[in-house]
Amino acid sequence: MNKINSIEEYHEEYSKSVRDPEGFWAEKADTFLWKKKWNEVLEWDFDAPSVKWFMGAKLNITENCLDRHLENSGDKVAILWEPNDPNESSIKLTYKELHSRVCAFANVLKRNGAKKGDRICLYMPMTPELAIATLACARIGAVHSVVFAGFSARSLEDRINDATCNIVVTADGGFRGAKTIQLKSIVDKALENCPSIERSIVLKRTGEEVKMEAGRDVWLHEELSRVDDVCPAEIMDSEDMLFVLYTSGSTGKPKGVVHTCGGYMVYAEYSFRNVFQYEKDDIYWCTADIGWITGHTYIVYGPLLAGATTVMFEGVPTYPDAGRFWDICDKHKVNIFYTAPTAIRALQACDISLVKKHKLDSLRVLGSVGEPINEEAWHWYNDEIGKGRCPIVDTWWQTETGGIMISPLAGLTPLKPSYATLPLPGIQPCLVDADGNEIVGNDVQGNLCIKYPWPSMIRTTYGDHNRCKEVYFSAYKGKYFTGDGCRRDEDGFYRITGRVDDVINVSGHRFGTAEIEAAIDEHENVVETAVVGYPHEIKGQGIYAYAICHDTNVDIALFIQEINKTVTEIIGPIAKPDKIQIVHGLPKTRSGKIMRRILRKIAEGDVSNLGDTSTLLDPSVVEEIKAGASLE
Ligand code: WT7
């Protein structure tokens with residue numbers, strides 16, 4: 001069953017995976033349903049880069065998520081959906097029901113012109129229909145591109161155009177806590193500039209009034225009444241595209257990370273089962289949104305491949321109050337709970353009685369993902385939520401890695417707060433120094449790379465293969481570079497120390513500083529901006545923006561409001577700066593490069609030792625910035 005049951009077995013599996021990676025993964029892959037087996041397990045070249053797993057094999061991932069469970073667990077709950085409003089009923093979809101809903105949705109897509117290989121954008125609230133739409137795309141061999149429904153019309157437009165999607169699936173609106181988000185009108189705005197879109201399919205969720213454009217927009221419920229629920233799965237090649245998911249890097253616009261069918265499937269299931277030590281009757285809940293990779297792999301694919309019951313939550317952790325997560329854990333007797341450090345810190349800051357009034361006795365395993373978890377949050381999670389009896393798996397991975405890479409296996413691997421501990425079998429991490437030399441031995445620190453392919457790794461960046469090569473495979477020859485710094489302690493345990501590039505991680509959301517700068521620059525009074533991250537108690541990192549204005553005689557409160565509005569329009573509310581400082585100049589070298597190191601130090605409030613500023617064009621700007629820093 002591909003499950004590791006002891007730490008000794010982990011070490012054996014790990015050695016085997018390094019000694020004979022192809023034999024190792026062939027054995028794991030053997031447990032799935034393939035239409036045709038592979039001729040060759042792996043072919044790779046990190047210079048190209050080109051990575052192919054299970055070559056020549058044919059499959060459909062939805063047959064593995066759904067059809068193959070029907071005979072023995074057709075009546076088992078696949079998706080357990082908890083609505084935003086606790087007074088609305090939750091929904092349980094059995095594997096049988098989910099299968100037929102996915103097939104019906106797939107038929108709706110086909111009726112509306114979708115074909116194998118088309119890109120379909122999903123811009124939806126966390127309703128069961130989002131998971132169903134995701135699987136429906138996979139059913140017919142269309143590539144899904146899920147865009148988190150908190151992104152702006154501009155972001156949505158960019159993503160639709162980059163992948164030339166022909167269909168967008170959305171909803172009239174979405175509920176998030178006390179708010180409703182007008183999703184359809186955001187889509188309408190985006191579609192003004194999306195020539196490739198032929199159809200938008202609209203779920204009725206909030207019931208608010210929306211404009212339906214004849215010939216373009218159709219209601220999902222009306223379309224569903226015109227189809228049946230029989231839809232044979234499209235036969236896919238192992239290396240056919242399964243999905244594209246956009247993520248930010250240190251430069252340029254967000255890029256579409258491409259994942260393919262066979263390898264992603266094998267790794268999603270294997271990592272899910274082992275990291276969480278999933279057992280047959282477990283109720284598993286990952287609190288992410290399907291708009292992020294965590295939701296793709298560990299709400300939808302991983303759990304369904306394993307035949308698990310996966311909880312999907314529409315709302316937010318603080319609605320109607322900050323006890324909602326714990327409420328849901330008790331209500332649905334959740335056994336495995338997987339969330340982000342930012343949520344833990346936010347809830348830790350609330351009245352502890354909101355935790356204490358819940359039993360939380362069904363919990364067996366806790367997980368953390370998205371950013372480094374600080375020790376204080378780790379201990380609170382361990383003591384107050386896990387009651388000291390639930391192992392915490394601190395899972396390190398990325399959109400690009402497709403699945404969890406470094407993490408304890410729950411209950412098997414010894415834990416160390418703030419450490420992601422050990423690599424999963426099949427994962428060969430290494431640390432490199434500034435010159436690109438591998439740092440061997442323990443008690444060392446460096447940049448984290450992976451030196452051997454794994455099944456769910458990124459294959460390309462959509463429409464721009466060279467960018468994939470530049471960003472991930474050029475910094476260190478023959479290695480995949482993660483962008484993270486990392487320490488390996490005396491026991492060989494890994495601790496991720498954070499990004500070493502111009503990517504910041506705000507509440508587990510990833511942004512390029514350049515991307516936020518470009519958004520702020522669109523404000524008419526802004527000449528130039530520099531954005532850096534700084535430590536933030538709840539968000540992990542906050543966004544600090546330094547802006548040079550044309551007219552410096554501005555009402556700062558109004559200016560901040562306007563910048564927030566601009567950033568919200570261009571990226572989304574999640575990218576709003578936490579602090580904005582108006583400056584007359586930025587610390588630049590004679591060649592015109594902004595010395596971000598200095599700006600970071602000032603933003604951190606650490607102005608005592610700014611290091612060497614002698615190479616600056618005008619060192620006096622540093623004094624001015626220091627004096628005006630917003631350091632409350
Ligand atoms: C970046 C990837 C895939 C998870 C969701 C975020 C940071 C992620 C951890 C962790 C320390 C972590 C890294 C990574 N990160 N998990 N357990 N400990 N840092 O996916 O948006 O692709 O971001 O998140 O910096 O590079 P993502």
* **Pairwise centroid distance, computed over Cα atoms, of the stretch 97-168 with the stretch 272-288, Å** => 25
* To do: Pop a pseudo-label 7 angstrom from the Cα along the beta-carbon direction at both Ser90 and Thr613 and give the gap in nm to one decimal.
  => 5.6
* Asked: Once you put a point 7 Å from the Cα of His11 and another 7 Å from the Cα of Glu562, both along the Cβ direction, what distance in nm separates them?
  -> 6.4
* Structure fact -> Checked the stretch 503-630 against the a/c 1.5 cut and the a/b vs b/c comparison, axes a ≥ b ≥ c from its Cα gyration tensor; verdict oblate
* Span per principal axis, largest first, for the Cα atoms of the stretch 138-287 (Å) -> 46, 43, 38
* Structure fact -> The farthest towards the positive end of the charge dipole of the stretch 503-630, of the residues Thr568, Ser620, Val527, given +1 on Cβ of Lys and Arg and -1 on Cβ of Asp and Glu, is Ser620
* Structure fact -> Taking a ≥ b ≥ c as the square roots of the Cα gyration tensor eigenvalues, with a/c under 1.5 meaning rounded and otherwise prolate when a/b beats b/c or oblate if not, the chain comes out rounded
* To do: Using per-residue counts of other Cβ atoms within 10 Å, averaged over each peptide, order 335-348, 360-373, 558-571 from highest down.
  => 335-348, 360-373, 558-571
* Asked: Taking the highest mean first, how do the peptides 544-552, 17-25 order by number of other beta carbon atoms within 10 angstrom per residue?
  -> 544-552, 17-25
* Give the relative contact order (percent, whole number) for the chain; include only Cα pairs under 8 Å separated by 6+ residues. => 12
* Asked: Using a simple spin-label model with points 7 Å from Cα along the Cα→Cβ vector, what separation in nm is obtained for Trp44 and Lys110?
  -> 3.7
* Too-long pairs where the Cα-Cα distance tops 25 Å, listed order kept, from Lys189/Lys565; Lys28/Lys451; Lys356/Lys576 -> Lys356/Lys576
* By how many nm would the segment from Asp606 to Thr164 lengthen if fully extended, with 0.36 nm per residue of separation less the alpha-carbon distance? -> 154.5 nm
* Dipole moment magnitude, nearest 20 debye, the chain about Cα centre, only Lys, Arg, Asp, Glu C-beta charged -> 920
* To do: State the antiparallel share, in %, of DSSP beta bridges confined to the chain, rounding to the nearest 5.
  => 60
* Asked: Placing +1 at every Lys and Arg Cβ and -1 at every Asp and Glu Cβ, with all other atoms neutral, what dipole size does the stretch 95-234 have around its Cα centre, in debye to the nearest 20?
  -> 220
* Asked: If you count, for each residue, the other Cβ atoms within 10 Å and average over each peptide, how do 465-478, 134-147 line up from highest to lowest?
  -> 134-147, 465-478
* Among Ser418, Pro232, Val275, which residue has its Cα positioned farthest towards the positive end of the charge dipole of the chain, with +1 placed on the Cβ of Lys and Arg, -1 on the Cβ of Asp and Glu, and the dipole taken about the Cα centre? -> Pro232
* Considering the options Pro372, Asn87, Gly315, tell which one lies farthest towards the positive end of the dipole of the chain, charges being +1 on Lys and Arg and -1 on Asp and Glu at the Cβ, about the Cα centre. => Asn87
* Hey, got a sec? Which GluC sites (Glu not before Pro) in the stretch 23-107 land in a DSSP loop and have at most 16 other Cβ atoms within 10 Å? -> Glu88
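Bear in mind these aren't lab numbers, they're just calculated from the coordinates by the rules spelled out. Quick caveat: nothing in here was measured; it's all calculated off a predicted structure. Virtual Cβ from ideal backbone geometry, glycine too; neighbours counted across all protein chains shown.
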